[in-house]
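To start, the structure itself, in structure tokens.
The values are calculated or read from the model by the stated rules, or taken from the named source; none is laboratory data. Keep in mind that this is a model prediction, so the values were computed, not measured. Cβ atoms come from the backbone with ideal geometry, glycine included; neighbour counts cover every protein chain shown. Heavy atoms of the whole protein, side chains included, go into the accessibility calculation; ligands, DNA and RNA do not. Shrake-Rupley method; radii C 1.70, N 1.55, O 1.52, S 1.80 Å.
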Amino acid sequence: NEMLNLLFDKWQLGPLRLVNLAALVVLAMHYGPALARRLPRMHWLETLGAASLTVFCAHLVLVLVLLGLLGADYERAWSADLLLLSACLLVLYGVARARLWIKRDGALLSGLLMPRSLSS
């Protein structure tokens with residue numbers, strides 16, 4: 001049983017995980033472009049992706065705060081978990097929007113303050 005576990009091991013990068021990754025890459029390369037043309041764009045997901053590092057850091061803080069406040073309660077109702085997940089996604093979306101707004105306004109401000117001849 002332990003030998004079988006080593007084939008799937010996450011931390012040792014088991015060989016079957018590499019086979020799984022290769023299969024996912026092949027499927028994504030083959031079907032990805034056709035799916036991208038057919039599926040609607042999820043702008044909220046694009047917003048999260050555009051500020052992914054900030055969102056990831058905010059996610060870590062959010063998880064640690066919630067663990068400190070709520071604890072690791074596995075007896076919570078699934079509806080409460082769904083509400084908690086929705087609230088967290090909303091907060092992370094807000095963080096992403098704020099980050100992109102600050103980035104855009106910072107670029108506008110620096111363009112106004114520094115003429116192009118000095119910035120090049």
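Every helix of 4 or more DSSP H residues in the chain counts as -39500 (n - 2.57), and over all residues that averages to -27000 deg cm²/dmol at 222 nm. Here r is the Cβ-Cβ distance between L21 and A77 and R0 is 35 Å; the resulting FRET efficiency, rounded to 0.05, is 0.50.
Taking 30 Å as R0, compute the FRET efficiency from the Cβ-Cβ separation of L4 and M29 and round it to 0.05.
Once rounded, the FRET efficiency stands at 0.50.
Are there any trypsin sites (Lys or Arg not before Pro) in segment 27-63 that are in a DSSP loop and have at most 10 other Cβ atoms within 10 Å? List them by number.
R41
Prolate is the label for segment 46-107, because a/c, from the alpha-carbon gyration tensor with a ≥ b ≥ c as root eigenvalues, is 1.5 or above and a/b exceeds b/c. Overall, the accessible surface of the chain at a probe of 1.4 angstrom is composed of carbon and sulfur to the extent of 71 percent. Measuring with a 1.4 angstrom probe and ignoring ligands and nucleic acids, V19 comes out at about 90 Å² accessible.
In the chain, taking the dipole from charged Cβ atoms about the Cα centre, the farthest positive-side position among L35, W78, V65 is held by L35.
With a 10 Å cut-off between alpha carbons and a GNM built on the chain, which of L67, L18, L48 moves the most? Checking each option, the largest mean-square fluctuation is seen for L18.
Using the 1.4 Å probe convention, the accessible area of segment 1-82 works out to 88 Å² per residue with neighbouring protein chains retained. Quick one: grab the alpha carbon gyration tensor of the chain, order the square roots of its eigenvalues as a ≥ b ≥ c, and give me rounded if a/c is under 1.5, else prolate or oblate depending on whether a/b is larger than b/c. Oblate is the answer for the chain, as a/c is 1.5 or above yet b/c matches or exceeds a/b. Oblate is the label for segment 18-63, because a/c, from the alpha-carbon gyration tensor with a ≥ b ≥ c as root eigenvalues, is 1.5 or above and a/b does not exceed b/c. Which value, in debye to the nearest 20, gives the size of the charge dipole of segment 2-102 about its Cα centre, when Lys and Arg are +1 and Asp and Glu are -1 at the Cβ? With only Lys, Arg, Asp and Glu charged at Cβ, the dipole is about 540 debye. Axis of helix 15-38 versus longest Cα principal axis of the chain: the two differ by about 50°, to the nearest ten degrees.
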